[in-house]
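In what follows, a structure is listed as structure tokens, so that the remarks can point back to it.
The values are calculated or read from the model by the stated rules, or taken from the named source; none is laboratory data. What you see is a predicted model; the values in this text were computed from it and never measured. So basically every Cβ, Gly included, is an ideal-geometry build from the backbone, and we count neighbours across all protein chains shown. All accessible areas refer to the heavy atoms of the entire protein, side chains included, with ligands and DNA or RNA removed. Shrake-Rupley method; radii C 1.70, N 1.55, O 1.52, S 1.80 Å.
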Amino acid sequence: MMPLSTALLLLVATLMAAAPAQASPESFTSEELIEGFNNTVFGLEYRAWSWQPYLVKKYVEPVRFRVHNLAQRNRTPAVEAFIAELPRKVAGLDARLARPDEPANFNIYVVDRKDYLAVVRREIYGDQSADAPGRCLVRVESGRRGITGSSAVIVSDEGEFLFRRCLVEEILQGLGPMNDDPALMHSVFNDTSRHSRFTAFDQILINMLYDPRIRPGMDRTEVEPLLPLIARDAKHRVR
């Protein structure tokens, strides 16, 4: 029989291996950040969902969230806690929960897997024959004046990792960086990564996007000359 101390050490080692290490902001080069920005902001995972996927998408108006917990387990406190982090971690982002009498422009639906397709069809598409790609999803409505609304569907009952991963990725993508990139080791914008937190790398990317020098509707050629300074400034804001 394995000694208790050895078993505990093996358990700790397993947990450490399952949770990727969090890299510091200083460890990322400007080139890495610029490539990450370009590959997530200019593109769209599901391209049929948006006009002009290769233009900047971001909120200009305040973001007001409403959480609809339709799952058996009440996930509202966890969702609200993550939303509360956003304005502290992203300069220039005016984001909070909508008051009961206030319209929301970012709706979050937390569901059990059995209800996923029905909720996507009813709340996201308004089409009972629509498909529901992915294990969770977000849809963004955007134009040259910025994002006008986002709706995310997050699955609650398939384990803590998937719930946390979907919570972070779909909410962040709903703010504008709609594409995934398999080369981004330190990001949730990579379906093969094991991150389920708002990583330092992603905090820098979102701070770059919400820098006032980046405007909705800009294309890559307009943004490119600005990115070295914006990446430097965003890295200094993330601690």
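Here are a few things to note about the model shown:
- Taken over region 40-169, the alpha-carbon convex hull comes to 121 cubic angstrom per residue.
- Amide H contacts of Tyr59 (H built 1.01 Å from N, under 5 Å, at least 5 apart or other chain): Ile147
- Two-decimal log10 I(q)/I(0) for region 150-239, as the Debye equation yields it once each C-alpha is a single scatterer, q = 0.20 Å⁻¹: -1.01
- In terms of its alpha-carbon gyration tensor, region 108-200 comes out oblate; a/c meets the 1.5 threshold, while b/c is at least as large as a/b.
- Of the solvent-accessible surface of region 131-212, computed with a 1.4 Å probe over protein heavy atoms with every protein chain present, carbon and sulfur atoms account for 49 percent.
- Solvent exposure, largest accessible area first (probe 1.4 Å, DNA, RNA and ligands not counted), of Thr199, Thr148, Thr29: Thr148, Thr29, Thr199
- Derived scalar couplings ³J(HN,Hα) [region 71-81; Karplus, 6.51 cos²θ - 1.76 cosθ + 1.60; whole Hz; x for Gly, Pro]: 7, 5, 8, 7, 9, 4, x, 5, 5, 5, 5
- Backbone HN-Hα couplings from phi across region 162-173 [Karplus 6.51/-1.76/1.60, Hz, Gly and Pro as x]: 5, 4, 5, 4, 5, 4, 5, 5, 5, 5, 5, 5
- Arg121 versus Glu222: modelled label distance in nm, points set 7 Å from Cα along the beta carbon direction: 4.0
- Residue-normalised accessible area of region 21-163, expressed per residue, 1.4 Å probe, Å²: 50
- In a DSSP loop and with at most 14 other Cβ atoms within 10 Å, the trypsin sites (Lys or Arg not before Pro) in region 49-98 are Arg73.
- Taking amide H as placed 1.01 Å from N in the peptide plane, the amide H of Asp157 sits under 5 Å from that of Arg113, each at least 5 places away or on another chain.
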